[in-house]
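Notes for the one structure printed next.
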């Protein structure tokens, strides 16, 4: 009762928008459009005869993403609880559809996209947020049971299923992302230390298994350990990324002046856009970008902390964790700190599905923050 | 309370998550700092290789010309024309330009121009400069050239082993091409342009350009007029004698300049047989410069020269030959078993009597003899401007027995290169001056700046000039009436000496394998040409006087023809008289038909003069002596 009254009192106040979060995200998105253009215009001109090809797609994604963000800002996040099964079901179906010939689009040996006629999308982008939604509901419902195994079982099961479907595509990086997010959410959800350890052991053990299952992963791992050995083979992409980053030096070669975007660095506009940013804007430039991300993460965690409900807290934690995980993995990959795996940089990398989903998720965080008690 | 506990727990845990994220971001930032600032230079250095595309700017290899400036080897610049599909704006326009320029059909060119999936497609290779000029005038985006130089030898199979061949990347591999490679090669230029991964030049590209410096032209001592004749004569000699190989060297004894040099068999330098490396290497060896052989009797010139210089003999000296000489209990034969009897030094040379030279070398002695060989440069080499100059092989002084020394006197038990023989003979006949044999007179840039000039090749005074005066007179007799008479050309004052040497294989005399040689020079009073002919393993006749001397005669004849050396008319008449052995018959009163029949039968030619039925008189008169082929004038 006391809590309810408190909430009503807060609700009467002017709805507050987390401006820091909004501006950080919009800045990242706009910066992303600029960098997608810079990184892609040469290749796009050669391949599609239109140097704005990727930029246009990115603008469309940003507009749709903004719409999604605004919409989610106005939809009370509590309502999302009701669609958790729908979201989860849809995600699982879409993930399964990837394997249907004709619908699933195979790119570089992996079926990650489905062709929806008008556009192609990556179901895994949606699935990770569906999982976050489901886990938030499940953990908040579990309440004190979270200390017991049955309280965390649904989260682990659903997380495991999603991971299994994504790794089957195969897509190691989003699997990692979902896995880490699951661990973080369980941790924040109050999982006991014993369970936490029991959970980490199989996850850590699974990594080498997955690596040895697919020969290309092993080759990448070897290439990662000494990329210069195989600079024209497996290590090519990593070496090209390092060239770009190193060429940036402290202040960068200047916007649009990257040398590595001239077809040297594959996926310069998507998974490796961070390298181009590093080349054009230098160490100082990337530090600014990292600070912007830290702001987003900080606001996300703060929103979780101040959320009025456990559900809101977990939801914000999950969304923030996904952003942070993707950011960390992406930078780690392009700097050669972990073996290469394709994962877009949130808000910046070319890719409309990713952009729409991430921006909508920020809308959800904004809504949680709007309803927060402070 | 319970709620509060949980709330605090969540706060702590969220803080832990935030800290973990911040920690990892910080770690990655440090990694970025290392890559971007600390190690930046080291990494970027490696990247330049892919950012810049190197367009070759090959320097033109220098020409090789003969002593008169006539071309022996040149290099042509040719162009390969490529299209790079990624850069093409209009396939039709590019095709039109290229088809017009190269004379190929539109369809043929279009097929290449429209080919996708390759970064560059070769449209035409080895094109002339004019083709490229046309394309540049009508330039379309997407067309590229590369420059290539190809070596062209004006006569192909000429001076093969001496010139050597050039590898496909333009480096001399053997012979003079290798020896003078650093001058001929020039300095390749450099042109760097910024390009993308596929090599497409970036529009905003910076380029770095360093022009090529063409190679220098090398002028040889070779006289092409003589060389070309020698090539033909030697090839003919090799074939006619069924020899393993045949070689010749023509030198100017005054200067040490090599005027012509040839070894057959050889191959066409424009068509190097690279498939068969073994044969190629075998045929590429300039054996006259690198390989030693036992010179045989031609070496007697050197023995004589040393003996004259030492004063242990003179032109008035007399020797006795009984057909052999017993040295320390071993019998060494003269080639004439019945012996030559008593003979002068000159007769000894004419007869090539071994006994005479055994006696001469006995008088010289081992120590002096070896000293002289060193002075002649036989043991030290001359520093010829040719890779792999050979040195004479002498027995170590300590193991030389008298028998060995005596054999050396007539050119056995000693092995020297043909070049060493000819150069030693040059020294003996030119007034005792040892010259450095050489191939190159001058190295100059294309616009005539002389970089190197071989001005003096004088090495040392080995013999007193008077030795040559006596020696040359005697050697002249060897040709005019001795063993070398097959090299005699009427009206020309040629001196020389023949040689026939048995070949050794694995330390033993190889049965039936001989080296026939002849060394001659002209004129004897002041020699200008020295000719050495070596026929290796002739089948059939193997005497130097029979096999090699006529070859030398042909070479002398070629030299006189090409260098327009007039014969000495007095000498000519004397020479003709000397071997006039046909008595002119009495033809007076014969009819023309009868007279012609008689003269033809005798091997004489005729001319007629006057009108009449019967021959009134003849010139030369009946009873006088004429030579075969002479003309008898019939007067009616």
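All of the numbers you see were taken from the coordinates with simple rules; none came from a lab. The structure presented is a predicted model; accordingly, all values stated were derived computationally and were not measured. Note that we place each Cβ from the backbone using ideal geometry, even for glycine, and neighbour counts take in every protein chain shown.
Considering the stretch B:53-217, its Cα convex hull presents a mean projected area of 11.2 nm². Estimated purely from DSSP H runs of n ≥ 4, each contributing -39500 (n - 2.57), the mean residue ellipticity at 222 nm for chain B is -11000 deg cm²/dmol once divided by its residues.
Highest mobility in the GNM of chain A, judged by mean-square fluctuation with C-alpha springs under 10 Å and restricted to A:167, A:191, A:83, is found for A:83.
Measuring between their Cα centroids, the stretch B:393-439 and the stretch B:477-516 lie 16 Å from each other.
Mean per-residue shielding of peptide A:263-274 is 1, counting Cβ atoms of other chains within 10 Å of each Cβ. Taking all Cα-Cα distances within the protein assembly as shown, those exceeding 37 Å account for 67%. With R₀ fixed at 41 Å, the C-beta to C-beta distance from residue B:202 to residue A:209 puts the FRET efficiency at about 0.35. At an R0 of 35 angstrom, the distance between the Cβ atoms of residue B:152 and residue B:105 translates into a FRET efficiency of 0.75. Here each label is just a point 7 Å from Cα along the line to Cβ, and for residue B:169 and residue B:337 those points are 6.4 nm apart.
The modelled label-to-label distance between residue B:27 and residue B:89, using points 7 Å beyond Cα along the C-beta direction, is 5.4 nm. Grouping the Cα pair distances of the stretch B:348-450 into 10 Å bins from zero gives a pair-distance distribution of 13, 38, 29, 11, 5, 3, 0 percent in increasing distance order.
Most tightly packed first, judged by the mean number of other beta-carbon atoms within 10 Å of their residues, the peptides B:553-562, A:62-71 read B:553-562, A:62-71.
Here the stretch B:224-578 is treated as a Stokes sphere of Kirkwood radius computed over C-alpha pairs; at 20 °C and 1.002 mPa s its diffusion coefficient rounds to 104 µm²/s.
Computed from Cα atoms, the angle from the helix B:544-562 axis to the main principal axis of chain B rounds to 70 degrees.
If you take the Cα centroid of the stretch A:87-102 and the Cα centroid of the stretch B:91-166, the two points sit 57 Å apart.
Per-peptide packing, taken as the mean over residues of other Cβ atoms within 10 Å, places B:161-169, B:408-416, B:45-53 in the sequence B:408-416, B:161-169, B:45-53 from highest down. Per-residue shielding of A:335-341, expressed as the average number of other chain Cβ atoms within 10 Å of the residue Cβ, stands at 2.
Only beta bridges with both residues in chain B are counted; by DSSP, about 90 percent of them are antiparallel. Cα centroid distance between the stretch B:526-549 and the stretch A:322-374, in Å? If you average the Cα positions of each part, the centres end up 94 Å apart.
Please give the FRET efficiency for residue B:12 paired with residue A:115, using the beta carbon to beta carbon distance and R0 = 60 Å, rounded to the nearest 0.05.
The calculated FRET efficiency here is 0.85.
For chain A, the percent of C-alpha pairs falling in each 20 Å distance bin, counted from 0 to the bin holding the largest distance, reads 28, 59, 13, 0.
Peptide B:44-52 shows a mean partner chain C-beta count of 5 within 10 Å per residue C-beta.
For the pair residue B:232 and residue B:316, the difference between a 0.36 nm per residue extended length and the Cα-Cα distance amounts to 26.0 nm. Helix B:91-102 and the longest principal axis of the Cα set of chain B meet at an angle near 10°. Using the alpha-carbon positions of chain B, Rg (one decimal) and Dmax (whole number) come out as 37.6, 167 Å.
Once the Cα atoms are used to define both axes, helix A:310-334 deviates from the longest principal axis of chain A by about 10 degrees.
With the simple spin-label model, which puts each label point 7 Å out from Cα in the Cβ direction, the residue B:268 to residue B:511 separation comes to 4.1 nm.
As a test of the formula, what do you get for chain A when each DSSP H run with n ≥ 4 contributes -39,500 (n - 2.57) and the sum is divided by the residue count, at 222 nm and rounded to the nearest 500 deg cm²/dmol?
Theoretical 222 nm ellipticity from helices: -23500 deg cm²/dmol.
Residues of the stretch B:101-121 with backbone nitrogen within less than 16 Å of a virtual label 7 Å along the Cα-to-Cβ line of residue B:80, please, listed as ranges. What the label zone holds, given the 16 Å backbone N cut-off, is B:118-121.
Each 10 Å bin from zero up to the one holding the largest Cα-Cα distance in the stretch B:579-636 carries the following percent of pairs: 26, 61, 12, 0.
Residue ranges B:477-488, B:263-274, B:23-34 sort as B:477-488, B:263-274, B:23-34 when ordered by packing (mean number of other C-beta atoms within 10 Å per residue, highest first).
Going 7 Å from the Cα of residue B:282 in the Cα-to-Cβ direction, what parts of the stretch B:534-559 have a backbone nitrogen less than 19 Å from that spot? Answer for this model: B:535-539.
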